[in-house]
Amino acid sequence: MIRAFQIAFLSCFGFYIVGCSSPEESEPKPKQIKISDIAPSHSGKQSAAELLNTANFDVYIFEIPAENASKLNDAWQILYLNPLLFTNYNAFRANSFMVRTGGVQMWQRVNDLLRAADGQKIVTVSLLLPDGQANDLIITELNSKQSISYIAAEGRSEGATIGPGNLVLRIKTEKIPQLQGVCKVIAYPVFAVPVISSIPELEARAKLREFVFSSAAFGLKMGPGDFVVLGPQTYISDQSTLAGLFFSKPEGGLFFSPADPRKPELKPAVRILLLVCSRINY
């Protein structure tokens, strides 16, 4: 069955939430992620048994022309909001982040909507996440220091200086006691410095330079076949904002024109992330 899910996904475009019943368009109930959930994973080597007990995810990164960003509204409207948790939903929205979740039966509809927006798959990444561990998905590389503005979890506008390093989406999973085939997933943007040494002191120094954007965190329960779509509310070209740096590609991506598919055009682009749970091994 799991294999059938993966085959169906790939055949759609290279693409069930527990407890979902119908699309939710109203404001979510005040569900929150605890700040303690948004913490670095414990360090140390893992046993063979721990490596086998994993939650498996496939992440697909799409780009669509910035001029078609409003076409994503159709996708947001058919997907679910209610199962999701936030540290502060108002701050999440104020950062211009948008996230929705859906089930297997919605893959084809999401695929069709991305195609209608001239979306194209750019990157595919497979993640194996042991219980309580996290993995960083690189969104954009920063070659130098820069200032960035964002809305903090308390709702106020703040700034940070980050770089050089990577802006990543950190994805963390945890077992749910007495519940098999489902895991807890927490995801949030982080500025991280690549660790190129196994020396504990150097690893600790790199961790000290991290900056966690907890106000843009979200979480939910996921099982095989469940997926999450993460994107911006609108196109923001300003790379000095969290949303602009995370989702926008003002330098442009290559898109094929429907009028002449032989001639790709360079257009400012919007980045969309699709996170799919493919297997739970604990």
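What follows is calculated from the coordinates using simple rules that are stated; it is not laboratory data. None of the values given here were measured: they were computed from a predicted structure. Every residue, glycine among them, receives a Cβ derived from its backbone with ideal geometry; neighbour counts consider all protein chains shown.
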- Theoretical gain in end-to-end length, residue 160 to residue 147 [0.36 nm per residue, Cα-Cα removed]: 4.1 nm
- Item | Distant-in-sequence amide H partners of residue 142 (H built 1.01 Å from N, under 5 Å) | 165, 166, 167
- Task: For segment 181-282, run through the trypsin sites (Lys or Arg not before Pro) and keep only the ones in DSSP coil with at most 16 other Cβ atoms within 10 Å of their Cβ.
- Result: 209, 262
- Task: Post the alpha-carbon centroid distance, segment 138-209 to segment 262-282, in whole angstrom.
- Result: 20 Å
- Task: Quote the FRET efficiency, to the nearest 0.05, computed for residue 71 versus residue 138 with a Förster distance R0 of 30 Å and r equal to the Cβ-Cβ distance.
- Result: 0.70
- Item | Loop trypsin sites (Lys or Arg not before Pro), segment 106-165 (other Cβ atoms within 10 Å of the site Cβ: 16 or fewer; DSSP) | 145, 156
- Options 191, 218, 235, ranked by Cα towards positive dipole end of segment 175-282, top entry (Cβ charges): 218
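Under a point-charge model restricted to the Cβ atoms of Lys and Arg (+1) and Asp and Glu (-1), what is the dipole moment magnitude of segment 79-231 relative to its Cα centre, in debye to the nearest 20?
Working: 15 positive and 12 negative charges, 44 e Å.
Taking the Cα centre of segment 79-231 as origin, the dipole is about 220 debye.
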- Item | Where Rh is the Kirkwood radius over Cα pairs, Rg/Rh for segment 224-282 | 1.15
- Task: Subtract the Cα-Cα distance of residue 207 and residue 90 from 0.36 nm times their separation in residues, and report this length gain in nm to one decimal.
- Result: 39.3 nm
